[in-house]
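So the structure is just underneath, and the comments pick up after that.
The values are calculated or read from the model by the stated rules, or taken from the named source; none is laboratory data. Computed from a predicted structure; not experimentally measured. Positions of Cβ are generated from backbone atoms using ideal geometry, with glycine treated the same way; all protein chains shown enter the neighbour counts.
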Amino acid sequence: MKFLQTGFKCKGTLKLALLSATTLFLLTPSVKAVNPQPQICPSANLLPKRSFDTAKYSVYICRGDNNNALGYYVRISKTDNSKITVPVTSTTGETYIASKGEIAYAVTPYELQVIKNRRVVLKERVNNAIAGDGQPLAKACPEGENIFGEAETKSFIVYICGSNLPTNYIAITRSGNRRIAVPLSSYNSKGVPEASQYIAVNGDIRYVLTRKVLRISDNGQTVIKEKVLRWN
């Protein structure tokens, strides 16, 4: 009788052990394979020092090496993940240009361009420009302000900024990314859009922007007059 009782106890203990092991297996989360992040730069040692985000592309400027000290331009399509890598051939401030044959790729904190045979074949606004430490490189409008209008001319990208109403004229030179910020002295955005006009005055210099033309005058004399190529 004691032998049978001992056998029952052993069977009970075995069942309990199996049940505990099964329960532990079911409750333990399965370990999934972690896919490594795709390498962006030509080498794992070359980390991105700049990143630019547009509607269709992610662009990275990777650090240089012995083969190309200026670094590398990497563009990845958001639609099909296609990728191009081109050595950077020149830099001016935060303007990076990479050339390959007859095609030049240019990116700034404000826009991305592809130029073929000296003709712009692709242009996109840069929505975010980030340095390697995660800090933003530049913003079109001051913090907390919105873009009421954006005009592109041959030499400038102009933003009309403000919170609830337009209050600031911000111009970025396409050569060198020099920033000009002047409070609006007056504006007229009522009626038909074509009649919109924004005026900013800084001493003797007067900036007048309409949907058709940007005019800059110094002491009453027009020094720059450029056609607005695109208005957003």
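General observations
- Strands (runs of 3 or more DSSP E) within the range 74-147 that include 3 or more residues out of contact with any Leu (no Cβ under 6 Å at 6 or more places or on another chain) and either acidic (Asp, Glu) or over 18 Å from Cys62 (Cβ atoms) (or both): 111-116, 119-125
- Taken over the range 204-232, residues that are in contact with a Lys or Arg (Cβ under 9 Å, 6 or more places away or on another chain) and under 12 Å from Val158 (Cβ atoms) amount to 14.
- Restricting Gly176, Gly162 to residues that are modelled with pLDDT under 90 and small (Gly, Ala, Ser) narrows the list to Gly176.
- If you go through the range 128-143 and keep only what is of a type outside the set (D, E, K, R), farther than 19 Å from Cys41 by Cα and either surrounded by 11 or more Cβ atoms within 10 Å (Cβ to Cβ) or modelled with pLDDT of 90 or more (or both), you end up with Asn128, Pro136, Leu137, Ala138, Ala140, Cys141, Pro142.
- Residue ID - farthest from Val107 (Cα to Cα), chosen from residues in the range 52-81 that are polar (S, T, N, Q) and more than 18 Å from the chain's Cα centre (by Cα): Asn66
- Every residue from the range 202-232 that is buried (at least 16 other Cβ atoms within 10 Å of the Cβ), β-branched (Val, Ile, Thr) and assigned to a strand (DSSP E or B): Val208, Thr210, Ile216
- Looking only at the range 38-75, residues that are aliphatic (A, V, I, L, M) and without any contact (Cβ under 8 Å) to a residue 40 or more places away in the chain come to 6 in all.
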